[in-house]
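What follows is a set of notes on a single structure, which appears directly below.
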Amino acid sequence: DILEGCMSPLVLSPYSGWVLDRVIEQSAPETESSRSSSPTESSALPNRSPSLEKLSSASRHGSPPPSSTEPSETKGNDDLSLLEMDQEVFPAVLPSKVTQVEGCIQLYEKIHKLKGKKGLRQRQEQQEQMVRAVHDLANEQLKRFDELKELKQHQEFQDLQEVMEKSSKEAQGQQEKLKEEHRHRAKILNLKLREAEQQRQRQEELERLRKEEGQERLRRLYSIQEEVLQLNQQIDPNYRHKDLPRIDLSAYSNRGNQICGLVSGLIRTTSERGFPTPADVANTERALQEMRGLISSMQQEIAAAVEEKRRDEEQERQKQEELLKKEQVKAQTPAPAQQSEGKQQKEGLQVKAEESTMQWYQQLQDAAEQCVASFSEISNCKDNKEVKKIKTDLQKAATIPVSQISSIAGSQLREIFDKINNLLSGKSVQSGGRTVSVTQHPQGLEFVYYKLAEKFVNQGEEEVASHRDAAFPIAVVASGIWEIHPRVGDLFLAHLHKKCPYAVPFYPALKEGTSMEEYQRMLGYQVKDSKMEEQDHFLKRMSGLIRLYAAIIQLRWPYGNKQGTHPHGLNYGWRWLAQMLNMEPLADVTATLLFDFLEVCGNALMKQYQVQFWKMMVFIREDYFPRIEAITSSGQMGSLIRFKQFLEECLQQKEIPLPKGALQSSFWKS
């Protein structure tokens, strides 16, 4: 609006038309009077009258000239041309008033223009100030707007951040909840899986136990069948005792064949339908018991016949002695020593071992001496470094595995057995980081035989004496090696008898020319610097050796040949026990050895000999134990008391327990 007012065209005042009319009316008479005097001017006046009319009409109507609609610059040019025309006309027509009016008009126009310009400048300045103020205000408002916008953005960012944090916390909480739920579900699933695995393992274990029990029962059936067949072989229907011609065993043979057929039929039936049941085992065991009873009855019948014949012979001998006494009334009375000897013979007890036993003992000692002579080159190798090295390697290869025998695991025992067996079989083995073989020297095998047997005996003397349970793992390895390499067994017995003559059994006699120190060594004592070892230490060593021997005669290597017989089985143990009871007891020694032997081997002997074994146990308690008690002093009662308690418990319970440390079937699976 301000700019439009400043730029609008100039307009004359409404009074300008009235002024022109008055001026024209007053100047009309003067004009007429002067027409005559100045025709040229009068002629020119009409030419100018249209412009004046136009001006007057414009003044009258108060409107701008026709060119007022043009821009201001065009109007200014027109006004200037109009003034020039007026200046040309009016001086001639209106010399004073018109000139004055025109001057006034021009002056008014100039003043109006100056005022317009001044107002325009003022308006422009005001406009500039207003524009600057508006600009500053706009800038300030823009700054405030930016600040508000930034504040709003910051608030929105904070709100968004708070929302994001809140949502993040919620998401994190939800995630934790999901994790916890997942952990809970995983825990439940793991428990279910563990329970399922445990259930599966239990089922597998039950199935494995069922199979093991079935296999064990099957093995039991086969062992019973084998034992029944062996017992049946003892019954010879054509048997006739050379001194008892009236004994007939055909009835025993027929019943034995029937029992064998029954057991074979049971085994055939169980093999067709799978594993045997406990009832099958019970039936075969009853058949075995019947067979044992049959054998026992047969042996009792033979023993009764022999005893009857012996009594007849004894009566006949007594009659002959009475006749001799009557004929020799004047004969001298025998010496007390001779009376004592006669009493011992009458009562059936001996001081010396049987002749056959001594021959067997001497054969073993001769074999050991021959073995030592066969590797003399290795023994006397002081100057030959190569042979000395071979000797050391072979001795280590033979003795170190025996020292490593323990009851930790069956697999370890099998590795040791395989290592010893490979060495004796001529294969190369590793020992101390070196490869060793008996083929490295012609005398190597005999040397290893001797050292291995000696090491087994030393283990009984040292390890078994200190740890009684160690007898069983050592014995089972020794038994397995003995079965494959009989030479080792003979040398083992030779070493055993030399260190423990009571294992024969025999009591070495003091011969003329033998020193007391040498005689003590013959009895099994260790003598160092002319000092004999203490009795407790001696009994401990003897106990270890007898325990090892008692374990060997009842154990077999489980992976060996099941068809063959034990190279030195329970029959040797029965013979040893019978010979011990046929000899006069020794104070402290006999009670200790009998206790150790029966504690280790009694259970196996009981199963093997049954009724005969219990008869022998009763004989020990009733007849033999009082003899031991009669020669035992008050300071030697410990071993006697232990032996007595053992006898009483076994006879009272009619059972001899398994020895402590015996190897079970589960041991070989470890």
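Numbers below:
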item: For region 96-155: accessible area per residue (Å², 1.4 Å); result: 87
item: Charge dipole of region 381-669 about the Cα centre (unit charges at C-beta), most positive-ward option of L548, Q404, C601; result: Q404
item: Relative contact order (percent, whole number), region 508-663, Cα cutoff 8 Å, 6+ residue spacing; result: 22
item: Accessible surface of region 381-669 [probe 1.4 Å, protein heavy atoms]: carbon and sulfur percent; result: 48
item: Karplus 3J(HN,Hα) series, Hz, for region 486-500 with 6.51 cos²θ - 1.76 cosθ + 1.60 (x for Gly, Pro); result: x, 4, 5, x, 5, 5, 4, 5, 4, 5, 4, 5, 5, 8, 9
item: Extension gain, S264 back to H184 (0.36 nm per residue minus Cα-Cα distance, nm); result: 22.7 nm
item: Of G480, L452, V464, farthest towards positive along the dipole that unit charges on Lys, Arg, Asp, Glu beta carbons give region 418-508; result: L452
item: By average C-beta atoms within 10 angstrom, highest first, the peptides 599-609, 215-225; result: 599-609, 215-225
item: Separation in nanometres of the label points that stand 7 Å from Cα toward Cβ, at V611 and R219; result: 3.1
item: T514-R200 FRET efficiency (beta carbon distance; Förster radius 60 Å; 0.05 resolution); result: 0.25
item: Rounded FRET efficiency, nearest 0.05, which uses the C-beta distance separating R627 from D366 and R0 of 56 Å; result: 0.95
item: Stretch gain in nm, segment M358-Q161, where the contour uses 0.36 nm per residue and the Cα spacing is subtracted; result: 60.1 nm
item: GluC sites (Glu not before Pro) within region 465-517, DSSP loop, no more than 12 other Cβ atoms inside 10 Å; result: E512
item: Distance between region 204-218 and region 140-199 - C-alpha centres, whole angstrom; result: 59
item: Accessible area of region 381-669 divided out per residue, in Å², using a probe of 1.4 angstrom; result: 46
item: Separation in nanometres of the label points that stand 7 Å from Cα toward Cβ, at E649 and S530; result: 4.6
item: Violating pairs (Cα-Cα greater than 31 angstrom) within the set K211/K660; K615/K669; K388/K499; result: K615/K669
item: Mean separation of Cα contacts under 8 Å (6+ apart) over length of region 381-669, as relative contact order %; result: 18
item: Heavy-atom accessible area order for Y15, Y525, largest first, 1.4 Å probe; result: Y15, Y525
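The values are calculated or read from the model by the stated rules, or taken from the named source; none is laboratory data. From a predicted model like this one, the values you see are computed outputs, not experimental measurements. So basically every Cβ, Gly included, is an ideal-geometry build from the backbone, and we count neighbours across all protein chains shown. Please note that ligands, DNA and RNA were not included when accessible areas were found on the heavy atoms of the full protein model with its side chains. Shrake-Rupley method; radii C 1.70, N 1.55, O 1.52, S 1.80 Å.
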